[in-house]
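Scroll down for the structure; my scribbles are underneath it.
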Amino acid sequence: MPRSMISFIRRGQRIDVSHIDPKMTLLDWLRLHERSTGTKEGCAEGDCGACTVVLARERDGKLVYEPVNACILLLGQVDGTEVITVEDLASSSQLHQVQKSMVENHASQCGFCTPGIVMSLFALSHSRNTIIDRSEINSALAGNLCRCTGYRPIIDAALEACSNHSPDQFDARAEQTLHLFKQFRSLEDVFVGDDDAFFAAPAAESSLAFLVQKYPDATLIAGATDVGLWITKGLAPIKRLIWLGRIRALSVIEDTESTLSIGAGVTHEIAAPYLEKIDPDFKEIASRFGSKQVRSSGTVVGNIANGSPIGDWPPCFIILEGEIELRAGLVARTVALEDYFIAYKKQNRESGEYLRRVLLKKPGPNDHIRLFKITKRRDEDISSVMSAFRITVEEGLVTQARIAFGGMAGTPKRARSAEAAIIGLPIKDITTWRAGAEGLSMDFEPLSDHRASSDYRMRVARNLVIKALAEIAGVPSSSTRIFGLREAAHAAE
C-alpha cells in the first residue's frame with residue numbers, strides 16, 4: 001500500500017501531512033498552516049528570494065543544505081527532507097552567526113528581504129567543499145534582492161560569517177538528523193488524495209510508468225520551477241500531480257569517456273560539474289541558469305521536457321548530438337533531441353510517455369565548443385537569444401559544424417544553412433565568418449516580443465556566429481567577451 005501522507009522534519013520532529021491541496025506551495029503551508037511568517041512572499045515566481053528556505057537532505061551519507069524558493073516549491077516536494085526556516089536558526093537567545101554578522105554589519109534595513117538573504121547565507125555557510133570568497137557569495141545571493149540596504153554590508157556580513165564557518169546547532173545534531181532520515185528510506189510509493197485530485201510521489205520507475213499511463217492528463221514535475229509559476233501566476237487548475245523526486249533510478253548520472261547521461265531527476269546544481277568538464281563555456285551557462293535556489297530544485301531534463309523555445313540547455317545539447325529516452329509502460333525509445341521539438345509547445349511525446357534521461361556525446365579532439373547566452377542582465381534572466389556551436393577544424397579547415405539557437409524560432413533549432421556555409425572553408429578567414437552569419441537569414445525568421453525585436457535577434461545571432469568562429473580561429477576571448485573569459489577558465493584548471 002502506498003503511504004498516504006507527506007513526511008518531513010521540522011525542528012527535530014517528524015511531521016506527517018495527509019490532507020493537502022496537491023498544488024499547495026511550501027510557502028503557503030509555512031505561513032498559513034504553521035504560521036511561520038518569517039518567510040515572506042515577494043514576487044511569487046522564484047525571482048526575488050524573499051521566500052528562501054533551506055532543505056536538508058542526506059546525500060552519500062552526509063547532510064547537504066540547499067536553498068529553495070518556497071513560493072514555487074510544492075509542499076509534497078519536501079517529503080523526506082528537513083525544512084529549515086529563519087525562525088529555526090537562533091538557539092535560545094543566541095543568534096546564528098549569519099544573523100549576528102548581518103546585525104553587526106548593518107546589513108538589514110526594512111527587513112522584508114532579510115530572512116531570505118539570511119537563509120541563502122546559512123546554506124552557503126554549510127558548503128563544506130567550496131572556497132567561500134566574494135565571487136561565491138555573489139553567486140549565492142544572485143537570487144536575493146535587497147531594495148533598501150545595498151549589497152556591500154550584506155557581502156561584508158557574508159564574508160565574516162561564511163568564510164570561517166563555526167559549528168552551529170545543526171552540526172551538533174547532524175547524526176540525529178541522519179538517524180531521522182532513515183525513516184524516509186522506504187521503497188513505498190506516496191499517494192495523497194484520490195483519483196480526482198492527488199499528489200503522487202512514486203518510489204520506483206515502474207510505479208511512475210503505471211501512474212503516467214493510468215493518468216495521462218496528470219502534470220509531471222521534477223523541480224517545479226516552471227510548473228510552480230503555472231500555479232502562482234497562471235492560477236492553473238491542476239488537480240493531478242506526479243513528482244519524480246523520490247525515484248533513485250532517475251537521479252543517476254553516467255559519465256564515460258565519450259558520453260554523458262543525465263537522469264530526469266538530476267538538478268542543475270548536481271549536473272553542473274559534469275557539464276563543466278566538457279567545456280569551460282558550460283560552466284558559464286550553468287552559473288547563469290536561474291539562481292542558486294532554482295538550480296537546487298530545477299532539473300536539466302525538465303528544461304527539455306517543458307518544450308520552451310528559449311530553454312538554455314536544448315541548443316547546448318543539440319550540438320552534442322543529444323538524444324532523449326522516453327518510456328511508456330515497459331517500452332522505451334530514443335529520439336534525437338533536435339527532432340523532439342516539433343512546433344511551439346508541441347513535442348514528439350505520446351500520451352503515457354515521460355522523459356527519463358538525456359544522452360550526450362562528448363566532443364572529439366578537433367571539436368571546438370562555444371556557448372553564448374544573451375540577456376538583459378547577467379544573472380537570473382531568461383535568454384533573448386541562446387546560441388551553441390560545435391565546430392570541427394582539421395588542418396585549418398572547417399570539416400563539420402553543428403550550430404543551434406534558442407529564441408530564434410518557435411522551437412530550439414539547428415542553423416543548417418549557416419553550418420553548410422562554412423564547411424570546407426578556412427577557419428581563420430573572415431569571409432568564412434561572414435558566410436556563416438549570412439547563412440542565418442535562410443534558417444530563421446525570428447519573432448518580436450517583449451524580450452527582443454526580430455531585427456535585434458537576427459543581428460545578435462549573426463554577431464554570435466562571427467564571435468564564435470573568431471574565437472575558434474584564435475582571437476582571445478578578452479577581445480570578444482565582457483565576462484566569462486575562456487582564458488581565465490583554462491588558467492584555473
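A short reminder: the numbers here are calculations on the coordinates, not readings from a lab. Note that this is a predicted model, so its numbers are computed, not measured. Quick reminder, even Gly has a Cβ in these numbers, built from the backbone with ideal geometry, and neighbours come from all protein chains shown.
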Fill in the blank from the handout: Among GluC sites (Glu not before Pro) in segment 318-378, those in a DSSP loop whose Cβ has at most 15 other Cβ atoms within 10 Å are GLU350
Fill in the blank from the handout: Check: C-alpha center segment 344-408 vs C-alpha center segment 170-246, spacing in Å is 30
Handout entry: Two-site FRET efficiency, PHE483 against GLU136, from Cβ-Cβ distance with R₀ of 25 Å, rounded to 0.05
Key = 0.95
Completion exercise
Calc'd 3J(HN,Hα), segment 224-232, phi into Karplus 6.51 cos²θ - 1.76 cosθ + 1.60 (θ = phi - 60°), Hz, glycine/Pro = x, comes to 6, 6, 9, 4, x, 6, 4, 7, 7
Completion exercise
Between ILE242 and residues 5 or more places away or on another chain, the pairs with built amide H atoms under 5 Å apart involve ALA200, THR219, LEU220, ILE221
Exercise for the section: Sort ASP168, ASP449 so that the residue with the fewest other Cβ atoms within 10 Å of its own Cβ comes first and the one with the most comes last. Expected result: ASP449, ASP168
Handout entry: segment 6-182, Rg to Rh (Cα coordinates; Rh as Kirkwood inverse mean 1/r)
Key = 0.95
Exercise for the section: Could you pull out every residue, at least 5 positions away or on a different chain, whose amide H is within less than 5 Å of the one on THR259? Hs are placed 1.01 Å off N in the peptide plane, and Pro or chain starts have none. Expected result: LYS362
Completion exercise
Expected unfolding gain across SER448-LYS345 under the 0.36 nm per residue rule, minus the alpha-carbon gap, is 35.3 nm
Practice task
List the residues whose amide H sits under 5 Å from the amide H of VAL385, counting only those 5 or more places along or on another chain, with H placed 1.01 Å from N in the peptide plane.
Solution key: ILE374
Exercise for the section: For every helix of n ≥ 4 consecutive DSSP H residues, a contribution of -39,500 (n - 2.57) applies; sum these over the chain, divide by its total residues, and give [θ] at 222 nm rounded to the nearest 500 deg cm²/dmol. Expected result: -8000 deg cm²/dmol
Handout entry: Estimated vicinal HN-Hα couplings, Hz - segment 85-99 in sequence order (Karplus 6.51, -1.76, 1.60; Gly, Pro = x)
Key = 10, 4, 5, 8, 6, 6, 10, 6, 9, 9, 5, 5, 4, 5, 4
Exercise for the section: Calculate the spin-label point distance for GLN183 paired with THR431, positioning each point 7 Å from the Cα along the beta-carbon direction, and give it in nanometres. Expected result: 7.5
Practice task
Determine the gain in length on full extension of the stretch VAL475-ARG333; use 0.36 nm per residue of separation and subtract their C-alpha separation, reporting nm with one decimal.
Solution key: 46.9 nm
Exercise for the section: May I ask you to sort THR114, THR85 by Cβ crowding, counting other Cβ atoms within 10 Å and putting the fewest first? Expected result: THR85, THR114
Handout entry: Pairwise label distance in nanometres, THR37 with SER4, each label 7 Å out on the Cα-Cβ vector
Key = 3.4
Completion exercise
FRET efficiency (GLN109, LYS376; Cβ distance; R0 35 Å; to 0.05) is 0.85
Problem - Answer label, with semi-axes √(5λ) of the Cα gyration tensor in Å calculated from the coordinates and candidates (1) 36, 26, 21; (2) 39, 28, 20; (3) 69, 19, 16 - result: (2)
Handout entry: Options ALA420, ILE391, SER477, ranked by Cα towards positive dipole end of segment 367-491, top entry (Cβ charges)
Key = SER477
Problem - Förster radius 25 Å - calculated FRET efficiency between ASN164 and ARG11, Cβ distance, rounded to 0.05 - result: 0.40
Handout entry: Cβ-placed point charges (K, R +1; D, E -1), dipole of segment 367-491 about Cα centre in debye, nearest 20
Key = 260
Problem - Dipole magnitude of segment 52-161 about its Cα centre (Cβ charges: Lys, Arg +1; Asp, Glu -1), debye to nearest 20 - result: 220
Fill in the blank from the handout: Counted neighbours (other Cβ, 10 Å), sorted fewest up, put ILE423, ILE262, ILE132, ILE482 in the order ILE482, ILE423, ILE132, ILE262
Practice task
For segment 311-469, just run the numbers: alpha carbon Rg, then divide by 2.2 N^0.38 Å, N being how many residues it has.
Solution key: 1.09
Problem - Largest-first ellipsoid semi-axes for segment 252-361, taking √(5λ) over the Cα gyration tensor eigenvalues, angstrom - result: 22, 15, 13
Exercise for the section: At q = 0.18 Å⁻¹, what is the base-10 log of I(q)/I(0) for segment 30-83 according to the Debye formula with one equal point scatterer per Cα and no solvent? Please give it to two decimals. Expected result: -0.61
Problem - Residue-wise HN-Hα coupling along segment 277-287, computed from phi with Karplus coefficients 6.51, -1.76, 1.60 (Hz; x: Gly, Pro) - result: 5, 6, 6, x, 5, 5, 5, 5, 5, 4, 6
